[in-house]
Amino acid sequence: MNNNFLKFILITFILFLLGALLVFYVVENPTDSMVERTLSPDNIWRTLREHLIIVGVTMAGALAVGIPGGILLSRPRFYYLGKVFENIVNIGQTVPSLAILAIFYTILGLGFNTAVFAIWLYSILPILRNTFAGITSISDEIIESAKGMGMKNWRILSRIELPLAAPIIVAGIRTAVVINVGTATLATFIGAGGLGDLIVTGLSIRRDMIIVTGAALSALLAILLSFWIEQLKSYLVKW
């Protein structure tokens, strides 16, 4: 058992333990009856489950579109189109996530599907941008050397371009996950649930314990997923 695996197990255990201790404390020590009802085990699990579903569905869709899209735009025939898309993506990232949800709420209405579509669209941007940037940053000399060895285009992509671009691509995925977890807390404003329900409820009834519980669980989830992706990079990239 190597040190990286031990680190993975230890930090994962610590983060899960922190979350479990937080839930245990707030369930066993409510400050009043409203906090007790809001922070019941069933309600906490419901909001966490909804949050995980939103994050899981949107990230799966973002990966399915962002990575192939970035690869396609990095091909020589689409290179200049890719540069245009890269600039559009950079502009898109400046739009606040709440504004994205508000725009699609006016078009698609309330509910889970609207939140998933809006967050999915927002999560594609860093993955698409980093995939394109990672592949196009590879030196032309490396590609020409591979062609000189008789390698076909698909083998150059799978054996050279993607492995060399992997650190940048994974960084984009990591960014997208953190943005995704944070943006999913705003899904409560369009009726999609998630940990944002706890935060908004706490704000509306002025109970700090409820606010802190929702925010802390969301932060722990973002840290955990970011750590997992960072560990995945160490397996994908062989230095």
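The values are calculated or read from the model by the stated rules, or taken from the named source; none is laboratory data. Small disclaimer: the values here were computed from a predicted structure and weren't measured. Every residue, glycine among them, receives a Cβ derived from its backbone with ideal geometry; neighbour counts consider all protein chains shown.
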Is one or more of the residues making up segment 161-174 part of a helix (DSSP H, G or I) and free of Cβ contacts under 8 Å to residues at least 24 places away in the same chain? no
Looking at segment 37-55, can you tell me whether even one residue there is hydrophobic (A, V, I, L, M, F, W, C), surrounded by 13 or more Cβ atoms within 10 Å (Cβ to Cβ) and more than 26 Å from Arg174 (Cβ to Cβ)? yes
Any chance you could count how many residues in segment 121-139 are within 19 Å of Glu50 (Cα to Cα) and surrounded by 20 or more Cβ atoms within 10 Å (Cβ to Cβ)? 2
Please indicate, with yes or no, whether at least one residue in segment 132-141 is in a helix (DSSP H, G or I), aromatic (Phe, Trp, Tyr) and closer than 25 Å to Phe117 by Cβ. yes
Check off (1) more than 19 Å from Leu72 (Cα to Cα); (2) of a type in the set (Phe, Trp, Tyr); (3) in contact with an Asp or Glu (Cβ under 8 Å, 6 or more places away or on another chain) for Phe132 and give me the number that stays unchecked. (1)
Kindly evaluate Thr201 against the criterion of being in contact with an Asp or Glu (Cβ under 6 Å, 6 or more places away or on another chain) and assigned to a helix (DSSP H, G or I). no
I'd like to verify a number: residues in segment 175-196 that are in a helix (DSSP H, G or I) and at pLDDT below 85, how many? 0
